[in-house]
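Here's the structure, in C-alpha cells; my notes come after.
The values are calculated or read from the model by the stated rules, or taken from the named source; none is laboratory data. These figures come from a predicted structure and were not determined experimentally. Cβ coordinates were reconstructed from backbone atoms using ideal geometry, including for glycine residues, and neighbour counts include every protein chain displayed. The accessibility values were calculated without ligands, DNA or RNA, using every heavy atom of the protein model including side chains. Shrake-Rupley method; radii C 1.70, N 1.55, O 1.52, S 1.80 Å.
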Amino acid sequence: MVHFSKQTELVQIGNRKDEKHGAISTPIYLSTAYHHDEIGLGQGYAYSRTGSPTRDVLEEAVASLESGDDAFACSSGMSAVQLVFSMFEKDSHFIVSRDLYGGSYRMFELFERNYGFTFTYWDGREEEQLNEYIQENTKAVFLETPTNPLMQETDIALTAKFTERHELLLIVDNTFYTPYIQRPIEEGADVVIHSATKYLGGHNDILAGLVISKGEKLGKELKYLHNACGSILAPFDCWLLIRGLKTLALRMNQHEKNALIIQQFLEDHSSVTDVFYPRRGGMVSFLIAKEEWVSTFLKSLKLFSFAESLGGVESFITYPATQTHAEIPEDIRKEYGLTNCLLRISVGIEDEIDLVADLQQAFQECEKLLNLEV
Ligand SMILES: *Cc1c(COP(=O)(O)O)cnc(C)c1O
C-alpha cells in the first residue's frame, strides 16, 4: 500500500470508502438496527452501539493517524478517559501528571471515592521519581504532555521505558498536540486519549472523545467495554469530526505560526512576567504582572473570546483558576505554579496582526489602571 503523509491521510479520510455509490463525503448512517437474512447472517452490523458504518470510517482513520491498531469514538473526552479507566479493577494505583486537565482530576477524585483507586501525582520531569512512586498495585502511568496549562513537555519515550520495565500501561492524553505533531504510540505508549472536542474537531461545534490502542489484547478489551458501557459517538458527530479532521494539518500549521508570534510579543511585553510555550502547537500560557489586571484584561479583549475551551479556529482566552482548573484546590494549584495571574491562550487561525493588536490594546487598558493608582 502507498504510504501517504499525515496531511494527505487527513484530507482523504472517508474518500473511497463508499463502495456502493462512490460518495466522496462519508455517508451518515443513522440506522440503529441492521437487518439479518437469517441467524448469524448479517452484513457486518447489528446494533449501532456495537458499531456503525460512519463510526467505522472515523475509527479506522484515527487508529492509523495515531499509529495504533484500534480506535474508539466516544461521546466526550471525559467518556474516553472513563472508558480507559474502566479496564482496571478496584484498588488499582496510578501515577498521573500533576498539571492536569481539571475534569480528569475531578474524575480521579471520584474514582478514589467510589472504586478505591489511588493516584500519585508526578511533575512529569524527573524520571527517577517514578521508581519512588511505583507500588505493588500500580497499573498505569497517565500523562498529559504538554501539561495543561503550564505547557511542560514530558519525555514519552523515557516514560515508556519505565512502564515497559514494570509491565505497566502508558496512557497519554494527546489532546494538545494531536497526531499531526506527536504520536505517543510510536514512542512506546499503549493507549492514547483525545478530547476531540478541541483541535481534532476544530470548530467548537462537537463534543467528542477518542481512545486509540496498541495491540490485540487492549483492542479487544476496549471494544468489549465500549459496547458494554455505551459511551459512543453518534453518527452525525462522527461525520462532523471526519469533516474537521480533513483540515487538521492546515489548521495546526496556522495555529503554530500564530502562537510563535504571540509568544514573542508576550515575552517582549513589560506587563507579562512569564510565558509558557514549548514552541509546538497552538497553546500559550502567560503570567500577567498583576492579579488585579486579569478582569480588565479579559473585559478589554475584542477579538479573543473569553471562553472555556481550546483548539478551535477562533482564538480563546481562559482563566484556569476559575474555569478549567477550578476543581483543583487553590493551595495545590499555587504550589505547582498555577497561580491566579495565569492566563491560557488557545491561539486561533486569524491574521496574526489582528491578534497581536487586540492583546496590545487590552494591556494598555490595564496600564491605564496603573496610572490611576499613582
Ligand atoms: C477538554 C479536555 C478533556 C475533556 O474532554 P471533553 O471533550 O471536554 O469531555 C480531557 N483532556 C484534555 C487535555 C482536555 O483539554
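Averaged over its residues, the chain has an accessible area of 46 Å² per residue, based on protein heavy atoms and a 1.4 Å probe.
Grab the beta carbon distance between GLU153 and LEU372, set R0 = 41 Å, and tell me the FRET efficiency rounded to 0.05. The partial results should precede the final answer.
Working: r = 41 Å, r/R0 = 0.99.
The value I calculate is 0.50.
Assuming a ≥ b ≥ c are the square roots of the Cα gyration tensor eigenvalues, decide whether the range 287-337 counts as rounded (a/c under 1.5), prolate (otherwise, with a/b larger than b/c) or oblate. It comes out oblate by the Cα gyration axes.
What the phi angles of the range 265-273 give under the Karplus curve with 6.51, -1.76 and 1.60, with θ = phi - 60°, is a coupling list of 4, 5, 4, 7, 8, 6, 8, 10, 9 Hz, glycine and proline written as x. With the charge dipole of the chain set up from +1 on Lys and Arg Cβ and -1 on Asp and Glu Cβ about the Cα centre, the Cα lying farthest toward the positive end among the listed residues ILE134, ASN15, TYR319 is that of ASN15. Taken one residue at a time, the phi angles of the range 37-48 give Karplus couplings (6.51, -1.76, 1.60, θ = phi - 60°) of 5, 7, 3, x, 10, x, 10, x, 10, 10, 8, 6 Hz. Gly and Pro are set to x. DSSP beta bridges confined to the chain are antiparallel in about 55 percent of cases. Using θ = phi - 60° in the Karplus curve 6.51 cos²θ - 1.76 cosθ + 1.60, the 3J(HN,Hα) couplings for the range 287-298 round to 9, 7, 4, 10, 4, 5, 7, 3, 5, 4, 4, 5 Hz; x is entered for Gly and Pro.
Give the residue from PRO184, MET151, TYR224 lying farthest towards the positive end of the charge dipole for the chain; charges sit on Cβ (+1 for Lys and Arg, -1 for Asp and Glu) and the dipole is referred to the Cα centre. Result: TYR224, furthest along the dipole toward the positive end. Under the simplified labelling scheme, the GLU167-ASN253 pair shows an inter-label distance of 4.7 nm, with each label point 7 Å from Cα along Cα→Cβ. The angle between the Cα long axis of helix 216-229 and the longest principal axis of the Cα atoms of the chain comes to about 80 degrees, rounded to the nearest 10. Less than 5 angstrom separates the built amide H of HIS93 from those of THR118, THR138, LYS139, all sequence-distant by 5 or more or on a different chain. Comparing the chain with the 2.2 N^0.38 Å rule of thumb, its C-alpha radius of gyration ratio is 1.04 (two decimals). Considered as an equivalent ellipsoid built on the Cα gyration tensor, the range 135-266 has semi-axes of 27, 22, 11 Å, the largest given first. Between amide H atoms placed 1.01 Å from N, distances below 5 Å from TRP122 occur with VAL96, SER97, ARG98, all of them 5 or more places distant or on a separate chain.
Taken as Cα centroids, the range 81-95 and the range 199-221 sit 17 Å apart, rounded to the nearest whole angstrom.
Let me know the shape class of the range 84-150, please: from the alpha-carbon gyration tensor, a ≥ b ≥ c as square roots of the eigenvalues, rounded when a/c is under 1.5, otherwise prolate if a/b is greater than b/c, or oblate. Note, shape of the range 84-150 comes out oblate.
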